[in-house]
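Right, one structure below, let's go through it.
Where a number appears in this text, it was derived from the coordinates with a stated rule and is not lab data. Just so it is clear, the model here is predicted, and its values are computed rather than measured. Backbone-built Cβ (ideal geometry, glycine too); neighbour counts: all protein chains shown.
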Amino acid sequence: MNEIQRVMSKHCTIRAFRADPVPTETIEKCVRAARQAASSSNVQAYCLVQVTDGHERARLRELTGDQQQVEEAGAFFAVCAEEHRHALIAEAEGKQTGRNFESFLVAVIDATLFAQNLVLAFESEGYGTCYIGGLRNDLEAVDRLLELPEGVYPLFGLCVGIPDETPAKRPRLDPRALWFEGRYPTDDEMRDWIAEHDDRAARYYAERGNPGRTWTGGLLRKITTRLRESVPAFYASKGARLQ
Ligand SMILES: Cc1cc2nc3c(=O)[nH]c(=O)nc-3n(C[C@H](O)[C@H](O)[C@H](O)COP(=O)(O)O)c2cc1C
C-alpha cells in the first residue's frame, strides 16, 4: 500500500471531537487539493458552506437529530450540489440553463466526489471526519438558516476536527461482493458473500460488547423504511428538475 491508500484504508468516522477549531489555512489547503476532483465536463457544480456561528451550529445540531458532533467539531460544513453559478453564467448572456434530472445528478455526483476528496485531504492531516446525512432531516429549516439562493441544494453535512475517540475500523464487504468481471454474479453467489460478511461483522460487534448484532440486521431497519420523503419536493422548490 502506498501512503494515499494507507490514509484511505485507515478511515473511520469520528463522532467525538476536541474543541480545537480547524485553522483556516488548513481548510484552505484541503479545499485547494479537493477541488481537483474530477468534475463532469468540469462543470464544478458544487459548493461548501462553512458554519462558524455558535448559535447556528447549535440549531443545526437540533435539526440533524441532536448529533453533538455537529455543534462540537472543530469545523462544520454543508456540502451542496449547485446550479446557481451556472444560472448566473447563462443569465449574463441573456440565456437560461437547461436544467433536468441529468444536470441535477451531475451536480450531486460532482459535489460528492469533491466531498470525499476533502475528507481524504483532512484525514491525511490527522483530522477526523463525520458526514451528516441528518442535514436532510429538515431541509427547509437548513435552507432558511443558511439563506441559500435558488439552485443550491444542501446534500449532507461534514464535521471535521481533532478526534477525541479511537474507534475500531468498521468492517466492509469483501471485494468479491462488489467487484465483478464482465457480468453481475448470480444471486446465490451474492447471498454467500452477504452471509460471509454478516459472520465477520457479527464477530466484530460481539468483540465490542454487542453480541447478536449483525450487518444485515441494522441494514434491514434502514432499507425497509422510506426515509425523508419530502426531500424531492424541497429540491424541486429550490429549482431542481427531478423528472
Ligand atoms: C452521506 C453520508 C451520510 C452520513 N450521515 C451520518 C450522520 O448523519 N451521522 C453519523 O453519525 N454518521 C453518518 N455517516 C457515517 C456513516 O454512518 C459511516 O460512514 C458508516 O457507518 C461506516 O462507518 P465508518 O465510516 O466509520 O467506516 C454518514 C456517511 C455518509 C457517507
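What ranking do LYS238, LYS169, LYS222 get, fewest neighbouring Cβ atoms within 10 angstrom at the top?
LYS222, LYS169, LYS238
Taking +1 at the Cβ of each Lys and Arg and -1 at the Cβ of each Asp and Glu, which of ALA115, THR97, ALA141 sits farthest along the dipole of region 3-166 towards its positive end, judged by Cα position relative to the Cα centre?
The residue sitting farthest along the positive end of the dipole is ALA115.
Return the lysines within reach of LYS10: Cα separation strictly under 20 angstrom, same-chain partners fewer than 8 residues apart disregarded; answer none if there are no such residues.
Correct list for LYS10: LYS169.
I'd like the distance between the alpha-carbon centres of region 163-208 and region 1-21, rounded to an integer number of Å.
20 Å
Working out 0.36 nm times the residue gap between ARG57 and LYS29, then minus their Cα-Cα distance, what length gain in nm do you get to one decimal?
7.8 nm
Given the -39500 (n - 2.57) contribution per DSSP H run of 4+ residues, what per-residue ellipticity at 222 nm results for the chain, rounded to the nearest 500 deg cm²/dmol?
Computed ellipticity for the chain at 222 nm equals -14000 deg cm²/dmol.
Just need the relative contact order of region 175-218 here, percent rounded to a whole number, with Cα pairs under 8 Å and 6+ apart.
Taking the mean separation of contacting Cα pairs over the length of region 175-218, I get 28 percent.
If you place +1 on the Cβ of every Lys and Arg, -1 on the Cβ of every Asp and Glu, and leave all else neutral, what size is the dipole of region 18-110 about its Cα centre, to the nearest 20 Debye?
220 debye
Between ASP174 and CYS12, what is the FRET efficiency for a Förster distance of 22 Å, r being their Cβ-Cβ separation, to the nearest 0.05?
0.75
Strictly greater than 33 Å: what percent of every Cα pair in the chain meets that?
Here the long-distance tail beyond 33 Å is 27 percent of all Cα pairs in the chain.
Per 10 Å bin from zero, what fraction in whole % of the C-alpha pairs of region 175-218 is there, up to the bin with the longest pair?
Taking all Cα pairs of region 175-218, the binned fractions are 28, 42, 23, 7, 0 percent.
Which value, in debye to the nearest 20, gives the size of the charge dipole of the chain about its Cα centre, when Lys and Arg are +1 and Asp and Glu are -1 at the Cβ?
Once rounded to the nearest 20, the dipole reads 360 debye.
Taking the chain as a whole, which cysteines find no other cysteine Cβ under 4.7 angstrom from their Cβ?
Cysteines of the chain left without a disulfide-compatible partner: CYS12, CYS30, CYS47, CYS80.
Given springs between every Cα pair under 10 Å in a Gaussian network model of the chain, which of GLN50, GLN96, GLN68 has the largest fluctuation?
GLN96
Please identify which residues in region 136-175 have an amide N closer than 11 Å to a label point set 7 Å out from the Cα of TYR204, following the Cα→Cβ vector.
It comes to 168-174, nothing else.
Express in nm, to one decimal, how much length is gained between ASN42 and GLU93 on full extension, taking 0.36 nm for each residue of separation and deducting their alpha carbon distance.
Taking ASN42 through GLU93 to full extension adds about 16.4 nm, to one decimal.
Mind checking which of TRP193, TRP179, TRP215 has the largest fluctuation in a GNM of the chain, springs on alpha carbons under 10 Å?
Highest fluctuation of the listed residues: TRP179.
Relative contact order of the chain: what whole-number percent is it, with Cα pairs under 8 angstrom and at least 6 residues apart?
For the chain, the relative contact order is 26 percent.
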